[in-house]
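Asks: Below is one structure. I have some questions about it.
What follows draws every value from the coordinates through simple rules; no lab data is involved. Predicted model only: the values in this text are computed from it and were never measured. Glycine gets a Cβ as well: all are built from the backbone with ideal geometry, and neighbour counts include every protein chain shown.
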Amino acid sequence: MRRMDDLIGEFITETSESLATLEQTLAGHARRPMGRDGWAMAYRLMHTIKGTCGFLQLPRMEAVASASQEMLASLRDGSMTPTDGELRALRAALAQIRYMMDYVGTHGREPAGDGPPPAGEVPSAEPHAASPMAPLEEKPAAVIDADDPFLLPPVPPAAQPVVHSPQLDATPPQERVSHATLASLLHARNQLKHARQSDASVHGAQRVLDMLVEDLKEKLLPRTAPATAYPKVAKVLLVESHGMRFALPQSLIREVVRIGSSQRHAQLDEGAMISLRGAWLPRVSLAQQLRQPSSAQEAYALVLELQHERLVLCVEQVGTLEELMLQPVPSLLRASEIYAAASILGDGSPCLVLDCAALLSQRVRFPSTKAKQRAMQPPAPLPEAAPSVSVPAAPIAAAPPVPPTPVVSVQPVPMLMFGDGTSTPKAIVLTAVGRVEQVPASDVTRDAEGYAVRCRGELLRPQVLPGSAMPVQGELHLITLIDAPHMALVAHRVNGILDVEIALPEMAPADQPILLRTAMNGAITEILNPRAYLPAVQSAEVAHG
Amino acid sequence: MANTAPSLLGTIPHVLFRLGKQAFAMPLAQVKDVARSPHITAVPNATPMVRGVTVLRDQLAPVLDMRVRFGLPASMDASRATVLAVDHEGERVGLLIDRVEDVLMLPPSLPSAHSKDPLWQGVVAGVVQREADTVLVLDVAAILDGALRR
């Protein structure tokens, strides 16, 4: 019997992790559609869950897992398209499995009955979800109107898998509110904050969401636990800030770098950035996250990755790797969303585990997605005597060509400074730059269409600036623009980033490769016009003109 | 739930403690441990009344600064204070107080106290006079419920 308890415990731990991975995968699919490999991975996880359920004689869970596995097989093989309905069904199935798994953990057996549990018992992953086995019934009465488009966002990556605590099981079903519901509301509210503030309907919706979120928080926090598999063992890396120790899950740490003079920093409207190995990544300070005074001694950069999004967390000290027994964050601390779990270190002192999803959620989609969102919007009509506008990121987009406008920006503009082998240094606005890669010159080949180089598995078309030449030996830098990911400007060297207070033309035609010649950093520098290097804009302007 | 049944003499033992000059009491049965000079680790981003976390009998526990809860200046030196360990909804919580003074035997029913001050509403189960002191008997569960909602 003891052996069976151990097996059940292992099953719950492993299945909980598999479900969390599947939930994150499905949430990530909403933003970045998965390919066959992604669906195959999801299929394998579900296959394992189903097999283990069968071994442990848990027929109800096995039935739901089997149906989900069949659906994932169809998605993997391409015989089924992952529509919103299919994704909702899968999320509902995951919620059902999680509910039954928690029940097994609490009671040592499945809930009584056959087939999937009725919707009233299951903490819904989202309103109106339907499982592959059977459509769920109406949502709980406490969940707000699902017909409102603002309340139907994809489940955000930060959403914790939720299982109700034993206390919650005694709560009337109509009062149950899941963490996923609250997370969806928070996600919708965050999205609305990025909407146009002048839109009265958006403003009204945001106020409604604010009230709903506050209302749901009261119903949710005292009654639910953020995770079910506690206590569980995890490897963590200890870090320090202002003498306080915190832990980060090792599985989410991709790299630890000592910050030196080789790293470049930039402060943009969206926040701070740091260059690591030729790529610009959003950067946050642990001290700032903890609302402590900024620390000038943050000497280590931790590259965190979750769902293909990366973030650099700067800390003062990096400690040791430890294997800790994690437990839920105490209820009194749950209002602070920065903590994911708690534990006791080997020396007997308490330690809190930072919530990487919460850290990442502040800066994900930055900067490319935001820039692309701007790019998708037509240029806003400018008042006749507009005093100033922001840096020229939006006009770089492949928007319909418009005549040059003499409106200028006098705000500090971050510039990427580089040399192209000529005597005149070059600069380009940093907001237009998607990535800077360093590659050996020997990797560059030439075909009928021009230069070509394979970089990160993709074919890039390097473009040499007028008057410059392609390096034939050593290393070269490829500057990819956000809106032309398959083209790269060739730089012989990258000199860094400089904040320049300068008046730039808001919009320049594509046939004007140089925006301005000016003295910068002690040298006459040419500021490039990014529009001149965007193939879509060039062809559009040629057609127009 | 804590055992608050009266003893054979019809009284319930209470812990008498102080925050500044004010005397408080709470049922002894609710107190799982008394820790003097505990090491409290600060928790950034927590609500002001949460002083930090500590480990009480191998259990991690947030520490509620009762001075802040009742509008008094925070304990300047927590290392000289005392923590009462209580359990609330399955979790261990530490209550940071100035000092424990005594154990009182109080009758099951006490004169009630009402206040319009939000700080005191619903958290005082009764009032008892002890020599020159007015002792406020606390409803700890109500205090912790309120702290969770903040």
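Asks: Quick one: net charge of B:R36's neighbours, Cβ under 10 Å, K/R +1, D/E -1?
Replies: Numbers: positive: B:R80, B:R99; negative: none.
Spelling it out: positives minus negatives among the neighbours equals +2.
Asks: I've got another one for you. Does region B:12-61 come out rounded, prolate or oblate by the C-alpha gyration tensor, with a ≥ b ≥ c the root eigenvalues, rounded set by a/c under 1.5 and, if not, prolate when a/b is larger than b/c and oblate if not? Before the final figure, lay out each step's value.
Replies: Working: a/c = 2.39, a/b = 1.48, b/c = 1.61.
It is oblate, given that a/c is not under 1.5 and a/b is not larger than b/c.
Asks: Provide the percentage of antiparallel DSSP beta bridges, counting only those with both residues in region B:12-108; round to the nearest 5. Write down the numbers at each step before the final one.
Replies: Working: 32 of 35 bridges.
Roughly 90 percent of the DSSP beta bridges within region B:12-108 come out antiparallel.
Asks: Something else about it: Is region A:232-361 best put as rounded, prolate or oblate by its Cα gyration tensor, with a ≥ b ≥ c the root eigenvalues, rounded for a/c under 1.5, and otherwise prolate when a/b is larger than b/c, oblate when not? Write out the running numbers ahead of the final one.
Replies: Values: a/c = 1.71, a/b = 1.65, b/c = 1.04.
Judged from the Cα gyration tensor, region A:232-361 comes out prolate (a/c at least 1.5, a/b above b/c).
Asks: Here's something else I'd like to know. What net charge do the residues around A:A491 carry, taking every other residue with its C-beta under 9 Å from that of A:A491, with Lys and Arg at +1 and Asp and Glu at -1?
Replies: Summing Lys and Arg as +1 and Asp and Glu as -1 gives +1.
Asks: Do any trypsin sites (Lys or Arg not before Pro) in region A:236-304 lie in a DSSP loop with no more than 11 other beta carbon atoms within 10 Å, and if so, which? Kindly include the intermediate steps, with their values, before the conclusion.
Replies: On the way: sites: A:R245, A:R254, A:R258, A:R264, A:R277, A:R283, A:R291; in loops: A:R264, A:R277, A:R291.
Here the trypsin sites (Lys or Arg not before Pro) that fit, given the DSSP loop and packing criteria, are A:R291.
Asks: Which GluC sites (Glu not before Pro) in region B:41-146 sit in a loop by DSSP (not H, G, I, E or B) and have at most 15 other Cβ atoms within 10 Å of their own Cβ?
Replies: On the way: sites: B:E89, B:E91, B:E101, B:E131; in loops: B:E89, B:E131.
For GluC sites (Glu not before Pro) across region B:41-146 that sit outside H, G, I, E and B with at most 15 neighbouring Cβ atoms in 10 Å, the list reads B:E89, B:E131.
Asks: Tell me the net charge near A:A234. Cut-off is 11 Å between Cβ atoms, A:A234 excluded, with +1 for each Lys or Arg and -1 for each Asp or Glu. Walk me through the intermediate numbers first.
Replies: Details: positive: A:K232, A:K235; negative: A:E17, A:E322, A:E323.
Taking every Cβ under 11 Å from that of A:A234, the sum is -1.
Asks: A further question follows. Take the alpha carbon atoms of region A:277-320, find their center, do the same for region A:44-81, and report the distance between the two centers in whole angstrom.
Replies: Each part's Cα centre sits 39 Å from the other's.
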